[in-house]
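Input: a single structure, listed below in structure tokens.
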Amino acid sequence: MIEHFHSGTIDYDIVIRRGALGCIGNRLNVDRNIMVVTDDGIPADYIRRLIAQCPHSRLFTFPQGEKNKNIDNFKAILEKLLEYGFTRKDAVIALGGGVTGDMAGFAASCYMRGIDFYNIPTTLLAQVDSSVGGKTGIDFGGIKNSVGTFHHPKAVIIDPDTLETLDRRLLHEGLAEAIKMASTSDSGLFELIESTDDLRGNIDTIIARAVNIKKKVVEEDPDEKGIRKLLNFGHTIGHAIESLSGGELLHGECVAIGMIYMSDGEARERIRRVLKKYGLPTTCNMDTDALLSLIRHDKKREESTVTTVHVEKIGSYSFRKMTLHELGNCLKNKEL
């Protein structure tokens, strides 16, 4: 299937199709210099198949992991683009997970004041969330995504076949983001994830429905000035947990915990049950003051408050402005 993203002057296709990695030349303009950015955890076969379709390609590989989404690797990508003589007519392709897409997209947005960028996400986390929406960036000063830009891709190519090489933990981490979107916006998708005994058999449908939520929200609010903030359900506390965990917890696992803090009643219990079904964490024993110190740097903070997203009924949400004191009380909630 093909989703079409359109918002103002932003216009691109989101292709969701098994086998799409093998025919990217049908969708992308590859007859120019292409920098393929990937990490060292991506299967070599995926890289070979992509490069074989790009006659003028260069490869940049960096060590996998969130800790490597940093200014040093961002700088190294830019240095290689300069070294290889890339012009404003050339392009960057990200092949990998959210870390790769965020950093490659950020480099593309800055080089020559912006060159074309294509995203080929190979993890469920990136396929259902970070590959769509135009957010790019790196972690800086110990704060996740504290430096970055909005730079939308020219196309997103999602091949569910690439999930076959993901281990169970990484697959379920990505599912946390689909659960997040279903919790706020699609009770039917939540019920599917909640009830299925064949996750991989239903994964194409889950990807398509989650992407459709993300696409519609970002089309309405591309610069996160309003409704797009609903996509931050679980992220305010989740990002702080992720920064403090030092890599011990994955992004989706931290969002999972964050959703428990920001839900109530029956919704909280249903979210808790579905997270446990997929082996995702639902509790956090980290120091409250340390978490609050990180939340102070949250991009959504406005003077003395932070806009948070709450779910009381699956498929709906509300925004709440919370002070750091109120967030501290939330973190101390012993019911978790």
key: Number of positions in the stretch 88-108 that are assigned to a helix (DSSP H, G or I) and farther than 13 Å from I34 by Cβ   = 9
request  = Within the stretch 142-168, track down each residue that is under 27 Å from T308 (Cβ atoms) and more than 15 Å from the chain's Cα centre (by Cα).
outcome  = G142, I143, V147
task = For the stretch 33-87, name all the residues that are outside any helix (DSSP H, G or I), open to solvent by 30 Å² or more (accessible area, probe 1.4 Å) and charged (D, E, K, R).
result = D40, R58
query = What residue, among those in the stretch 115-141 that are among the hydrophobic types (A, V, I, L, M, F, W, C) and either surrounded by 24 or more Cβ atoms within 10 Å (Cβ to Cβ) or closer than 28 Å to Y278 by Cβ (or both), is farthest from the chain's Cα centre (by Cα)?
reply = F117
query = Does A108 fit the bill of being open to solvent by less than 70 Å² (accessible area, probe 1.4 Å), out of contact with any helix residue (DSSP H, G or I) (no Cβ under 8 Å at 6 or more places or on another chain) and on the phi < 0 side of the Ramachandran plot?
reply = yes
task = Output the residue which, of all residues in the stretch 54-77 that are among the polar types (S, T, N, Q) and under 15 Å from A44 (Cα atoms), is farthest from the chain's Cα centre (by Cα).
result = T61
query = Does the stretch 320-329 contain at least one residue that is in contact with a Gly (Cβ under 9 Å, 6 or more places away or on another chain), buried (at least 21 other Cβ atoms within 10 Å of the Cβ) and in contact (Cβ under 8 Å) with a residue 24 or more places away in the chain?
reply = no
ask   = For the stretch 146-170, what are the residues that are assigned to a helix (DSSP H, G or I), open to solvent by 10 Å² or more (accessible area, probe 1.4 Å) and among the aliphatic types (A, V, I, L, M)?
value = L170
request  = Filter the helices (runs of 4 or more DSSP H) completely within the stretch 245-336 down to those with at least 2 residues that are of a type in the set (A, V, I, L, M) and under 26 Å from D139 (Cβ atoms).
outcome  = 251-261, 288-295, 324-331
query = With (1) polar (S, T, N, Q); (2) modelled with pLDDT of 95 or more; (3) open to solvent by less than 30 Å² (accessible area, probe 1.4 Å) as the list, and S187 as the residue in question, which single condition is left unmet?
reply = (3)
Qualifying residue in the stretch 232-242 (condition: surrounded by fewer than 19 Cβ atoms within 10 Å (Cβ to Cβ) and either modelled with pLDDT of 90 or more or farther than 14 Å from M181 by Cβ (or both)) = no
key: Number of positions in the stretch 232-251 that are closer than 17 Å to S146 by Cα and of a type in the set (A, V, I, L, M, F, W, C)   = 4
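The values are calculated or read from the model by the stated rules, or taken from the named source; none is laboratory data. Everything numeric in this text was worked out from a predicted model, so none of it was measured. When we count neighbours, we look across all protein chains shown, and the Cβ atoms used for this are built from the backbone with ideal geometry, even at glycine. Heavy atoms of the whole protein, side chains included, go into the accessibility calculation; ligands, DNA and RNA do not. Shrake-Rupley method; radii C 1.70, N 1.55, O 1.52, S 1.80 Å.
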